[in-house]
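Working notes, structure below.
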């Protein structure tokens, strides 16, 4: 699916109206697939961490927290990822020491720090591959709308600042399918960050009897006293700029790129040249850093380059534990009925 378009996050305009016939067809097909698909069950519990829309909502740091929590509970988690931008045609276990973002995508490289990651469009095959590697709990990063793999627990992440954008279905807006169709298969809602843009969706979840959890992201590290040119190629770059400020850095200049942007050497040289001229350091996201690669980041010297990591923090600390236990229980009940 295409990267998010800026107009999707504002009130519907002529572009949304012009694309509404295509959106209606897309929504009809997506909804029918979700309602009618025979999702393939696997022997392991499956926790899906998805979202309603195209664009960044905080799924990656959320998946990492769940993987780390699962390990503390004595489980051996594995993560299923589509690997946006990757080039493997068969299921592949990510090797952070050898694989590049060009081969497996940027998010899988980050996720692989927490647990084994299988990159594949065929999530059933990926699940079997992880099971063969000794995993006993699966975290599906995205894939909620794909309707291929049975989900024992589906946690839908929504950004409190952006919500569902203009509320229209792709390509007129960011929704991947009609909200009613998606809510039908959701187990719970996770609201990330601060803001009121998700309030209507929260009310819809409450009407559907779905629990609503809350979390946010916080920076890992201290940037106090440093002046920056900040750049990011993620779903909502402005969120990263705010995070730099939250870590104490002074954001003097910003440069925004499309989600999963592939940086050319010329672009990196321009960023370094501008930062050097203005007497600034450079800061970027962990996702951008793995996409660029350590060697190419190092080539931006003599300008100092910082990579700001983030982590998800839940308002109620034991939420990940409770969700994992619910997923395991649901899987056990599913298998006992089968």
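The values are calculated or read from the model by the stated rules, or taken from the named source; none is laboratory data. As the structure is a computational prediction, the values presented were derived from the model and not from experiment. Note that each Cβ is placed from the backbone with ideal geometry, even for glycine, and that neighbours are counted across all protein chains shown.
A few notes on this one:
- Which numbered condition residue 314 misses (of (1) in contact with a strand residue (DSSP E or B) (Cβ under 8 Å, 6 or more places away or on another chain); (2) farther than 25 Å from residue 192 by Cα; (3) at pLDDT 95 or above): (2)
- Residue in segment 254-272 that is surrounded by 17 or more Cβ atoms within 10 Å (Cβ to Cβ), closer than 13 Å to residue 227 by Cα, at pLDDT 95 or above and within 25 Å of the chain's Cα centre (by Cα) present: no
- Some residue of segment 279-299 being in contact with a strand residue (DSSP E or B) (Cβ under 9 Å, 6 or more places away or on another chain), assigned to a strand (DSSP E or B) and surrounded by fewer than 22 Cβ atoms within 10 Å (Cβ to Cβ): yes
- Segment 101-142, residues that are part of a loop (DSSP other than H, G, I, E, B) and touching a helix residue (DSSP H, G or I) at 6+ places or on another chain (Cβ under 8 Å): 113, 114, 115, 116, 120, 142
- The combined condition, being surrounded by fewer than 17 Cβ atoms within 10 Å (Cβ to Cβ), closer than 30 Å to residue 119 by Cα and out of contact with any strand residue (DSSP E or B) (no Cβ under 6 Å at 6 or more places or on another chain), is not fulfilled by residue 146.
- Of all residues in segment 85-102, none that is in the same structural domain as residue 289 (by TED's automatic domain parsing) and farther than 14 Å from residue 287 by Cα has its Cβ atom under 6 Å from the Cβ atom of a residue that is assigned to a loop (DSSP other than H, G, I, E, B) and modelled with pLDDT of 90 or more, 6 or more apart or on another chain.
- Residues considered: 103, 73, 19, 25. Of these, the only one that is surrounded by fewer than 22 Cβ atoms within 10 Å (Cβ to Cβ), at negative phi, over 15 Å from the mean Cα position of the chain (by Cα) and at pLDDT below 95 is 103.
- One residue stands out among those in segment 76-100 that are within 18 Å of the chain's Cα centre (by Cα) and surrounded by fewer than 20 Cβ atoms within 10 Å (Cβ to Cβ): the one that is modelled with the highest pLDDT, which is 84.
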